[in-house]
């Protein structure tokens, strides 16, 4: 495959008019390993369905933190069976869990932001780092409408912190569009969505939202910082020139 040097914004412009299946198929034609990390939420389930429907050659992984809802764990198996795909599970190290409990207590994340970040670090960020080893393109389910902290998410970004190309194929999609795709294609969803959980993470750190609250208001709800995040999706740096296939090659 011939390549041309284009910047992130140019590739995002190429992706913009494509439908979801066209986007994931185009991303699958980029050089190197492509990995989609799924948390099994509605956005991620829709992307998984698009990968399966399009036949895109993209690997799938999930972060099995050790504190997920039973409904989420069950959905991993349901999704693999439905689409004939393998979702590789990355877990925290037992030694790190022991060290955390000794330092903060098993549920010490309720006590301080520092303790919560430390929990996210060993349960999510460290496993993500292992998952992304050797990967050239990272695909996520981030949408601008999920929270103010994600309002500037682009279809294509360079994650300066990790030195990797990051694709958010639903960045510009409204929740209603995502729900419509899920209904049209009978995508298996986490039953917690119907119980008031639009965003689902670890069980101790997620509650149902109240009417009128933002989608991610139920995540780490005891903290006052409205931009709270776990650290998986850090704010991207400035646009950087990277190697992509040319648009002609992608559309061939």
For residues in region 78-88 being closer than 20 Å to residue 127 by Cα and exposed (fewer than 13 other Cβ atoms within 10 Å of the Cβ), which is farthest from the chain's Cα centre (by Cα)? 86
Answer yes or no: is there a residue in region 56-73 that is exposed (fewer than 15 other Cβ atoms within 10 Å of the Cβ) and under 23 Å from residue 179 (Cα atoms). yes
Answer from 142, 178, 113 - the residue that is at pLDDT below 95 and under 20 Å from residue 79 (Cα atoms): 142
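Let's see how each residue does on (1) more than 24 Å from residue 19 (Cβ to Cβ); (2) touching a helix residue (DSSP H, G or I) at 6+ places or on another chain (Cβ under 8 Å):
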residue	(1), (2)
109	yes, yes
142	no, yes
166	no, no
170	no, yes
Given the criteria part of a helix (DSSP H, G or I) and at pLDDT 95 or above, does residue 73 qualify? yes
Of all residues making up region 207-222, the number that are surrounded by fewer than 17 Cβ atoms within 10 Å (Cβ to Cβ), touching a strand residue (DSSP E or B) at 6+ places or on another chain (Cβ under 9 Å) and closer than 16 Å to residue 113 by Cα: 1
So residue 191, is it in contact with a helix residue (DSSP H, G or I) (Cβ under 7 Å, 6 or more places away or on another chain), surrounded by fewer than 19 Cβ atoms within 10 Å (Cβ to Cβ) and at pLDDT 95 or above: yes
Positions within region 134-163 being closer than 24 Å to residue 50 by Cα and surrounded by fewer than 16 Cβ atoms within 10 Å (Cβ to Cβ), in sequence order: 134, 136, 151, 152
Could you grab me the full set of residues in region 8-27 that are exposed (fewer than 15 other Cβ atoms within 10 Å of the Cβ) and either modelled with pLDDT under 95 or touching a helix residue (DSSP H, G or I) at 6+ places or on another chain (Cβ under 9 Å) (or both)? 9, 13, 16, 19
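The values are calculated or read from the model by the stated rules, or taken from the named source; none is laboratory data. Just so it is clear, the structure is predicted and the values come from calculations on it, not from any experiment. Note that we place each Cβ from the backbone using ideal geometry, even for glycine, and neighbour counts take in every protein chain shown.
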